[in-house]
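Inspection log for the structure reproduced underneath, given as structure tokens.
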Amino acid sequence: MSPGLVPWATRAPGMSVHYTLNLRVFWPLVTGLCTAIVCLYHVLRGSGDAPAEPPSPDGADSGFPLLKVALLLLLGYVLLRCRHAVRQRFLPSSNRLGGHADVSARHVGEPGLGTLLESYYEHEVRLSPHVLGHSKAHVSRIVGELVRAGRARGSPGPIPGGALALAFRGDFIQVGSAYEQHKIRRPDSFDVLVPLRLPPLVALEPRSLGTEPGLAPAFCSFFVCALKAPPSPSGASACHWLRDCKPFADGFCVDVRGRRHLSSTLVLRWFQSHLQRSLATVRYSLEGRCRVSLTPGGLEQPPTLHILPCRTDYGCCRLSMAVRLIPAVHVGDGAFLVAPPPSPIIGPLPDLPGGLRAEALWGVNTARQEQKLLSWLQERAPPGACYLKCLQLFKALRDLGARGLDPVAATQWGHILSSYVLKTVLLAALLQEGALAPGWDDAHLSECLEKLVHFLRGCLLRRRTLFHCVLGPGGAVSEVGPLPKVLREAAPVDLLAPFDPRARELAAARLLSTWRRLPQLLRAYGGPRYLDRCPLPRSQRTQGFPKDEP
């Protein structure tokens, strides 16, 4: 696909892809091509076999100056086209029809919200499928080589190798918005699960903490994994099993209430060390394609693989990318427990009830089930549905709402309105209305976005709950396929439970205020990328969330 042509809408199954001319790519390409032709002409003319003749005094030899004049005219034309594109960027669609639409004078120069959203989506939100596809393919190749090298190296941790060694399973799973077609702005960050292979003598017994008495809401979505003996036809005793598994238990487990549990902290520490050794193995083979480095995340974040383009790489997508590599333990049916568990709140977590230890906690990842649910909705969606486009604009609205906040309030705002929460709002709204509900198309884009804003505001204020789409009460099991027993028996997970009522009320007020000011925000920050941004005056910056409006 030509880099100057990009799809203007996400393709749904059974729909054709429509392309528009991307002037920001097309005109620089034309200018570069014309410049190359002029330079080639000059080189060929100067290296001819004919003897050079002295320039005529009357200026007859004026071929090359004429070409330079032509080049200047071409550059002037490109500048005029760019100016025309910028002017058209801020005009309503009815004005672009050349006066064929009957528009009153009071609307001239004042585009409606739908026009502003479409323009903002095109210039600031939508990713080029060409660039995103190249980025995902590049990440897949690099991570694939790294994981294969890690599997071949074995375990360099507390257990040098053998039957009780923790190791890479050999594959990886791409998760997150980039692989669900609703990532916004830049394709420069990705999430990848790296499944781990447990020793054959070790089995896990995961358990949800949702029903634990006296547990703070911030821990209700966490799990613990106790060790147990796998079914053995030889009938070996428990004492023999404990003795045989003692090296693994000492290296990767902690005691929780008198029983050995797999430690996410110890596994993460081993994972980071193993990745560093594996990267040293493949670094030389990658030198011709990119430069790679690994940044450990400590005990609170997974490690990040940084992929930088080489100076000799002349590909069309020279992007620096960051890939979070997340260790994962498979619990069945495409569900994983991940380390470290994502913290739902800012600052230190509350104290755990007696006997539980923070280093034994695991998070859950149901990306496979959520991707199936999104695919199920898209397959049943009417032609022209804009589910994912609306979700992308919902994220952009969240980012616009954070402008002007002080760092603490902006971080709190981003935690409450995380990308996962916004995706859950979309899925909950669609499941509540039905996948075939009318009105979810580009013609009603602003109405759809308003529907999501009020749905989330209702969850923050009136309903006070927003349940996980898979781990909620009676979650979408029939649509996502079978779930492992540990997830079917887990307590419902409320994504808003970790936040206190006051923080939710302030977030709801900020959300409503952002929606009401959205046309002004889109006009202020919705210009093309090459226009300068004007920060808000200091007097207009908000030192925290606004008070609730009447």
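Tabulated data
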{"quantity": "Reach of Lys136 by Cα under 19 Å, taken over lysines that are not fewer than 8 positions away in the same chain", "calculated": "Lys183"}
{"quantity": "Solvent-accessible surface (1.4 angstrom probe) belonging to Glu450, in square angstrom, nearest 10", "calculated": "70"}
{"quantity": "Accessible surface ranking that places the most exposed of Lys451, Lys183, Lys485 first, with a 1.4 angstrom probe", "calculated": "Lys485, Lys451, Lys183"}
{"quantity": "Rounded if a/c under 1.5, otherwise prolate or oblate - region 171-216, Cα gyration tensor axes", "calculated": "oblate"}
{"quantity": "Region 301-430 - percent relative contact order, Cα under 8 Å, separation 6 or more", "calculated": "18"}
{"quantity": "Shape call, region 184-312: gyration tensor on alpha carbons, a/c limit 1.5", "calculated": "oblate"}
{"quantity": "Accessible surface, region 259-384, averaged per residue in Å² (probe 1.4 Å)", "calculated": "46"}
{"quantity": "Cα gyration tensor shape of region 314-443, rounded if a/c is under 1.5, else prolate or oblate by comparing a/b with b/c", "calculated": "prolate"}
{"quantity": "Residues of type lysines that Lys228 reaches as a straight line, Cα spacing below 17 Å, ignoring anything fewer than 8 places off in the same chain", "calculated": "Lys246, Lys485"}
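The values are calculated or read from the model by the stated rules, or taken from the named source; none is laboratory data. No experiment lies behind these values; they were computed from the predicted model shown. What goes into the accessible areas is simple: the full protein's heavy atoms, side chains included, and nothing from ligands, DNA or RNA. Shrake-Rupley method; radii C 1.70, N 1.55, O 1.52, S 1.80 Å.
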